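Just below is one structure, and these are the notes that go with it.
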Amino acid sequence: MKMLFATILLSGLMLNTGCQKVKSLLDVKFNANYTVNLNMTVPPASGSVKNALSAFSGSASIDPTSNSEVSKYLHLIKSWTVNSITGTFNNVTKEAVLQNGTLTFSNDAGTATWTFTNVQIKNGGTVTIDNKNGQLDKLSTILSSKKPFTVKLAGTTNKDGFSFTLSLEINSTVIANPLGAK
């Protein structure tokens, strides 16, 4: 009797493990990439006294479901991983230095924040967006919520009276399964 019970228990465990392995064979893996342009204007200093630092702020929204593959597999997503973010300055009307800046991605699922100091703002210049404090992991959680999120850049520069665009390219990988997200 003990032997029969042990055999049934062992068979059940192997069958369950086997089903998970078979289910994972149906996983669909694809890239979900997003681009957002943050258009910034650093206003000219007003009055007779010029500011030592000129402040700016701007934001944009991203809807993760705007990607056709994400939309197709929306309720079947098992995991979502942000691999990298590339930031490039474009449309710079006057070269300057980003003295201090904060880049934030946020929605109800969380917030991912990067801070920058002394970054050259020039056409084609880049800004390093790393995972030093787990920010890409936090952004993965934000994307996994499948809800729109806000991208905001705010900071100060050493010059005033100019504009620039920070183009951000978010590269992520999604794994979905036709049998469900679990």
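The values are calculated or read from the model by the stated rules, or taken from the named source; none is laboratory data. Only a predicted model underlies this, so the values are computations on that prediction, with no experimental measurement involved. Here the Cβ positions follow ideal geometry from the backbone for every residue, glycine too, while neighbour counts run over all protein chains shown.
Quick notes on this structure:
- Residue check for Gly124: over 15 Å from the mean Cα position of the chain (by Cα) and crowded, with 20+ Cβ neighbours inside 10 Å: no
- Conditions (1) surrounded by 15 or more Cβ atoms within 10 Å (Cβ to Cβ); (2) at pLDDT below 95: number failed by Ala96: (2)
- Of all residues in the stretch 142-178, those that are among the hydrophobic types (A, V, I, L, M, F, W, C) and in contact with a Pro (Cβ under 6 Å, 6 or more places away or on another chain) total 1.
- Test: residue in the stretch 17-33 that is under 21 Å from Thr111 (Cα atoms) and modelled with pLDDT of 95 or more: yes
- Output for the stretch 60-111, where each listed residue is aromatic (Phe, Trp, Tyr) and within 13 Å of Thr150 (Cβ to Cβ): Phe105
- Cβ pairs under 8 Å, 6+ apart, first in the stretch 61-80 and loosely packed, with under 14 Cβ neighbours inside 10 Å, second acidic (Asp, Glu) and in a strand (DSSP E or B): none
- Scanning the stretch 139-159 for residues that are of a type in the set (Gly, Ala, Ser) and in a helix (DSSP H, G or I) gives Ser140, Ser144.
- Test: residue in the stretch 47-54 that is surrounded by 13 or more Cβ atoms within 10 Å (Cβ to Cβ), out of contact with any Cys (no Cβ under 6 Å at 6 or more places or on another chain) and at pLDDT 95 or above: no
- Screening Gly110, Gly87 for residues that are surrounded by 15 or more Cβ atoms within 10 Å (Cβ to Cβ) and touching a residue at least 60 places away in the same chain (Cβ under 8 Å) leaves exactly one candidate, Gly87.
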